[in-house]
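The values are calculated or read from the model by the stated rules, or taken from the named source; none is laboratory data. What you are looking at is a predicted structure, and each value in this text was computed from that prediction instead of being measured. Quick reminder, even Gly has a Cβ in these numbers, built from the backbone with ideal geometry, and neighbours come from all protein chains shown. When the accessible area is computed, the model is the full protein with side chains, heavy atoms only, and any ligands, DNA or RNA have been set aside. Shrake-Rupley method; radii C 1.70, N 1.55, O 1.52, S 1.80 Å.
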Amino acid sequence: MQTILLPTSPNWDYSFIQSRWVSDDLFVSDSRTEEYYRDKNAICYFTQATSICEIGVRAGYSAYAFVQEPRVKKYIGFDINQEIDGGIVGYSDIARTTLKSINEEFQVIEQDSQKLTEIPYGPYDFIHIDGDHSYEGASHDIDIAIKSNIRWVCIDDFDTIPTVQKAICDAVIRHNIKRAYYLPNTDGLSSVLFDMA
Ligand SMILES: C[S@@+](CC[C@H](N)C(=O)[O-])C[C@H]1O[C@@H](n2cnc3c(N)ncnc32)[C@H](O)[C@@H]1O
């Protein structure tokens, strides 16, 4: 896997996310999270995505990082809205309301991604996969993203969750992916980007 360092977008503004942070969220906003979300914004800037799908929205912080790029006209997120893999019941409702206040077209849909056989309401340029972190769950989400002909597929948690790391590595082999990029982060909160063009 090739390592790439993504440039910071001129549109990047962490206060856009901070000002929307859920006040009693136990996942606190700090310098580590700032770099993490800068990276998310940079992926969107680098790929020049205009239409984005996300599996695993939580409170919408990655979504806010993506939609800071003015070319993003479509965002649809799917979240199971349960207390699993960092989820908090009700947070996807907060994300839905906040995203709609940014752009009436942006949507968050309550949905178990494991019940999907393809990514709905496409096409999309880019998908961010950060939902079910089991090996089977992450593998399933990667497989339906690739089946849905999405060019850019980003999977979170490569360094921190072994089951996700194995799902990513096995998907590279299973789908014969030629362009898989490792996106490093100084705190080990790295992700992997597939270019399926
Ligand atoms: C780590 S959080 C996502 C964080 C978000 N991407 C961000 O950076 O702000 C994982 C989310 O995935 C959701 N999730 C877990 N399993 C899921 C599934 N099978 N389908 C859809 N969402 C799922 C959880 O409810 C939780 O909100």
Can you pull out the helices (runs of 4 or more DSSP H) entirely within the stretch 58-174 that have at least 3 residues that are open to solvent by 40 Å² or more (accessible area, probe 1.4 Å) and either modelled with pLDDT of 95 or more or hydrophobic (A, V, I, L, M, F, W, C) (or both)? 91-102, 135-147, 162-174
Looking at 78, 46, which one is away from the ligand (no atom under 12 Å from the Cβ) and either on the phi > 0 side of the Ramachandran plot or of a type outside the set (Val, Ile, Thr) (or both)? 46
Looking at the stretch 28-37 only, could you name the residues that are without any contact (Cβ under 8 Å) to a residue 60 or more places away in the chain, open to solvent by 50 Å² or more (accessible area, probe 1.4 Å) and within 28 Å of residue 180 (Cβ to Cβ)? 34
Any idea how many residues of the stretch 1-24 are open to solvent by less than 10 Å² (accessible area, probe 1.4 Å) and not aliphatic (A, V, I, L, M)? 1
